[in-house]
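A quick write-up on the structure given underneath.
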Amino acid sequence: MSAAAVISPMLITFLGLPAYEAVGIALASDVLASAVSAYTYGKNKNLDIRNGLVMMVTVLLFTLGGSWVASKVPNTTMGSFSVFMTLLLGIKFIVKPVMATKESMNRVSGKKRVIQSVVCGTAVGFICGFIGAAAA
């Protein structure tokens with residue numbers, strides 16, 4: 001999870017920015033954070049390039065879809081939804097943090113990892129486009 005998940009609701013709630021501008025700022029800030037994260041993971045040999053490319057394509061396609069859907073939603077609904085989903089996401093990470101290790105990931109078959117990449121890429125991409133929060 002990146003800071004962009006928090007940027008959008010904060011800009012909407014505390015600074016009164018329109019939801020669409022806040023989403024754009026959050027997505028733009030996430031580009032640099034994602035690049036730095038990818039570099040760090042790659043340097044430590046913790047990247048699965050093949051499944052990462054599958055997920056990247058899926059995320060890009062569904063980000064376009066999510067942003068199109070977001071353009072059809074009224075600004076106030078968009079802002080409230082963004083704040084509510086960030087609250088739920090924060091609670092989820094407190095209750096059940098992500099603790100997968102490289103060894104546990106290697107135990108999963110290649111076909112299953114590709115399917116997981118597509119399914120997760122669909123969800124992450126749509127959320128990225130809709131509320132402007134990306135996972136680095």
>> Ignoring everything except DSSP H segments at least 4 long, calculate the 222 nm mean residue ellipticity for the chain; use -39,500 (n - 2.57) per segment, divide by total residues, nearest 500.
In response: -27000 deg cm²/dmol
>> Among PHE62, VAL124, LEU47, whose Cα projects farthest towards the positive end of the dipole of the chain, with charges put on the beta-carbon of Lys, Arg (+1) and Asp, Glu (-1)?
In response: LEU47
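Given the Cα-Cα distance of ARG107 and LYS72 and 0.36 nm per residue of separation, how much length would full extension add, in nm?
Gain on extension, ARG107 to LYS72, equals 8.4 nm.
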> Among all lysine pairs in the chain that are eight or more places apart or on different chains, how many have alpha carbons less than 25 angstrom apart?
Replying inline: 9
> For the chain, what's the relative contact order in percent, using C-alpha pairs closer than 8 Å and at least 6 residues apart?
Replying inline: 49 percent
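Among all helices in the chain defined by DSSP H, which have a length of 27 Å or more along the axis from Cα atoms plus a Kyte-Doolittle mean of at least -0.5? Numbers along the way, then the final one.
Values: long enough: 19-43 (36 Å, 0.74); 49-71 (32 Å, 1.38); 75-95 (30 Å, 1.39); 110-131 (31 Å, 1.08).
Membrane-span-like by this criterion, though nothing is claimed about a membrane: 19-43, 49-71, 75-95, 110-131.
Efficiency by 1/(1 + (r/R0)^6): what FRET value for ASP48 and MET99, r their Cβ-Cβ distance, R0 = 25 Å, to the nearest 0.05?
Details: r = 17 Å, r/R0 = 0.70.
Approximately 0.90, to the nearest 0.05.
Every number in this text was worked out from the coordinates using simple rules, so none of it is lab data. Note that the structure is predicted; figures quoted are calculated from it, not measured. Note that each Cβ is placed from the backbone with ideal geometry, even for glycine, and that neighbours are counted across all protein chains shown.
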